[in-house]
Amino acid sequence: MSFTNEQMERYSRHIILKDVGVKGQKKLLESKVLIVGTGGLGAPAAMFLAAAGVGTIGLVDFDAVELSNLQRQIIHLTKDVGKPKVISGKETINEMNPDVDVVTYKEWVSSANIRDIIKDRDYDFIIDGTDNFPAKFLINDASVLMGKPFSHAGIIRFQGQTMTYVPGKGPCYRCIFENPPPPDKVPTCKQAGVLGVMGGIIGTIQATEAIKYILGIGELLTGYLLTYDALTMEFRKIKLPKNKRCQVCGENPTIKELIDYEQAVCDLKS
Amino acid sequence: MTIKVNGKDVSLEKEVTVKELLEIQKVEMADYVTVQINDEILDRKDFETLTVKEGDVVEFLYFMGGGAL
């Protein structure tokens with residue numbers, strides 16, 4: 001693959017970076033990232049990955065754009081209200097960077113389809129931009145069982161946190177959180193609110209991790225949980241050990257099949 | 001004695017169990033909080049018996065959802 005003049009100009013600020021260069025930019029253009037959820041986290045992650053020239057971006061979301069999404073889900077515009085989020089996301093990306101092939105999956109992830117979605121383009125990296133624990137555990141378990149790296153994140157109110165799983169290199173999400181909390185026990189953004197920029201900050205960190213993984217540069221948030229408090233402007237990088245009791249990646253794993261956990265009633269779409 | 005909880009110094013009059021520490025620190029929804037002491041994730045069933053010691057570095061790790069809706 002050789003670059004066109006337009007690509008040389010578009011990616012010139014990357015190409016000039018010693019750690020990226022023509023070689024790194026080529027890697028990005030040949031890479032495939034799956035983003036599950038095109039909301040608060042997925043929207044900015046998708047936009048920066050598209051702008052960076054990640055050649056294939058998969059978007060998974062069953063939802064349609066709502067007016068209340070627009071305070072933070074910057075990939076969707078006012079004219080998109082009512083449109084499937086994956087279509088709205090694809091249109092925004094196509095307008096921004098025609099180099100990107102956007103693959104849409106207008107589905108909720110479940111044990112029935114997540115393996116097929118990941119296999120569809122044999123994605124290199126997965127971004128968890130979902131809003132609920134059943135999906136977060138599903139993405140974790142599927143990634144561990146299929147040997148795929150992924151970025152986990154969560155945001156609520158003025159806080160966010162993120163970690164990166166790389167097979168064989170550190171703990172998975174389930175090493176830290178053994179099982180999902182019972183439905184309705186831990187508040188969601190819908191119930192508790194979230195400052196719009198939280199997804200921008202944390203989702204952009206997820207995109208940074210994907211890019212670093214693809215380029216093989218720097219140190220990932222593998223074995224660390226990065227927490228961010230917007231009110232105190234405090235970032236903390238908490239070292240996380242691997243948990244030998246982990247049910248999916250520990251010494252004696254008991255989870256060998258994917259599990260569909262019960263979703264909180266308040267999160268189900270009416 | 002002094003311990004560190006989520007990066008901040010906390011003074012305690014005596015050794016307490018992890019369960020008591022969660023109460024002293026007024027941790028909400030303690031049933032769903034993961035506790036890590038000195039880089040080791042605790043088994044939830046040890047919360048009532050395990051005590052925190054001088055100089056321990058304790059992290060309470062919270063579930064955080066959010067993202068798509």
- Rounded to whole Å and sorted largest first, list the principal axis extents of the Cα atoms in the protein assembly as shown. 69, 49, 41
- Query: How much of the DSSP beta bridge set in segment A:102-255 is antiparallel, as a percent to the nearest 5?
  - Reply: 85 percent
- Query: Got a number for carbon plus sulfur as a percent of chain B's accessible area, 1.4 Å probe?
  - Reply: 49 percent
- Task: Find the sum over both chains of the accessible area lost when A and B are paired, probe 1.4 Å, and report it in Å² to the nearest 100.
- Result: 2700 Å²
- May I ask you to order A:129-140, A:170-181 by the average number of other C-beta atoms within 10 Å around their residues, highest value first? A:129-140, A:170-181
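So what's the back-of-envelope 222 nm ellipticity for chain A, counting only DSSP H runs of four-plus at -39500 (n - 2.57) apiece and dividing by all residues, rounded to 500?
On the way: 10 runs with 92 residues, N = 270.
The helix-only estimate for chain A comes to -9500 deg cm²/dmol at 222 nm.
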- Message: Once the convex hull of the alpha carbons of segment A:1-100 is built, what does its volume come to per residue, in cubic angstrom?
- Response: 94 Å³
- Message: Given the whole protein assembly as supplied and a 1.4 Å probe, what does the accessible area of A:Ser111 come to in Å², nearest 10?
- Response: 40 Å²
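From other protein chains only, count the Cβ atoms within 10 Å of every residue's Cβ in A:169-180, then give the mean.
Working: counts 0, 0, 1, 0, 0, 0, 2, 6, 8, 4, 1, 3.
What the average comes to for A:169-180 is 2.
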- In nm, to one decimal, how far is the A:Leu67 label point from the B:Lys26 one, both placed 7 Å along Cα→Cβ? 3.8 nm
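Can you give the FRET efficiency to the nearest 0.05 for B:Glu48 and A:Arg236, using r as the Cβ-Cβ distance and R₀ = 35 Å? Can you show the working numbers first?
Values: r = 27 Å, r/R0 = 0.79.
For B:Glu48 and A:Arg236, the calculated efficiency is 0.80.
Could you quote the convex hull projected area for segment A:167-249, Cα atoms only and averaged over all directions, in nm²?
Numbers: hull surface 28.0 nm².
Result: a mean projected hull area of 7.0 nm².
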- segment A:124-217 - convex hull of the alpha-carbon atoms, volume per residue in Å³: 92 Å³
- Computed over chain A: relative contact order in percent, which uses C-alpha pairs under 8 Å that are six or more apart: 20 percent
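Evaluate Rg over Rh across segment A:66-110, taking Cα atoms for both radii and Kirkwood's formula for Rh. Don't skip to the answer; put the middle values down first.
Numbers: Rg = 11.1 Å, Rh = 11.3 Å.
Computed over Cα atoms, the ratio is 0.98.
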- Message: I want the antiparallel fraction of DSSP beta bridges within the protein assembly as shown, as a percent rounded to 5.
- Response: 60 percent
- Net charge dipole size for segment A:177-243 [Lys, Arg +1 and Asp, Glu -1 on Cβ; Debye, nearest 20]: 100 debye
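How high is the relative contact order of chain B, in percent, counting Cα pairs under 8 Å that sit 6 or more residues apart?
44 percent
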- Query: DSSP beta bridges in chain B, what fraction antiparallel, as a percent rounded to 5?
  - Reply: 85 percent
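Work out the length of the dipole vector of segment A:88-142 about its Cα centre, built from +1 on the beta-carbon of each Lys and Arg and -1 on the beta-carbon of each Asp and Glu, and round it to the nearest 20 debye.
Values: 6 positive and 12 negative charges, 43 e Å.
Here the size comes out at about 200 debye.
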- Task: Work out which helices of chain A, taken as complete DSSP H runs, extend at least 24 Å along their axis over the Cα atoms and score a mean Kyte-Doolittle of 0.5 or more, then list them.
- Result: A:196-215
- Highest-fluctuation residue, B:Glu23, B:Glu54, B:Glu13 considered, GNM on chain B with Cα pairs under 10 Å: B:Glu13
- Item | Theoretical ellipticity at 222 nm over chain B - DSSP helices of four or more residues, -39500 (n - 2.57) apiece, nearest 500 | -2500 deg cm²/dmol
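Please give the contour-minus-distance gain from A:Lys169 to A:Lys119: 0.36 nm per residue of separation, less the Cα-Cα distance, rounded to one decimal in nm. Numbers along the way, then the final one.
Values: separation 50, 0.36 × 50 = 18.00 nm, distance 2.19 nm.
Result for the pair: 15.8 nm of gain on full extension.
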- Query: Per the Kirkwood definition applied to all pairs of different Cα atoms, how many angstroms is the hydrodynamic radius of chain B?
  - Reply: 12.5 Å
- Message: With a 1.4 Å probe and all protein chains left in place, how much accessible area per residue does chain A have, in Å²?
- Response: 44 Å²
- Note on the structure: Using alpha carbon centers only, segment A:234-264 is separated from segment A:105-156 by a whole-angstrom value of 14 Å
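The values are calculated or read from the model by the stated rules, or taken from the named source; none is laboratory data. The shown structure was predicted, so the numbers you read here are calculated from the model rather than taken from an experiment. As a convention, Cβ positions derive from the backbone with ideal geometry for all residues, glycine included, and neighbour counts pool all protein chains shown. Calculation scope for accessible area: heavy atoms of the full protein, side chains included, ligands and nucleic acids excluded. Shrake-Rupley method; radii C 1.70, N 1.55, O 1.52, S 1.80 Å.
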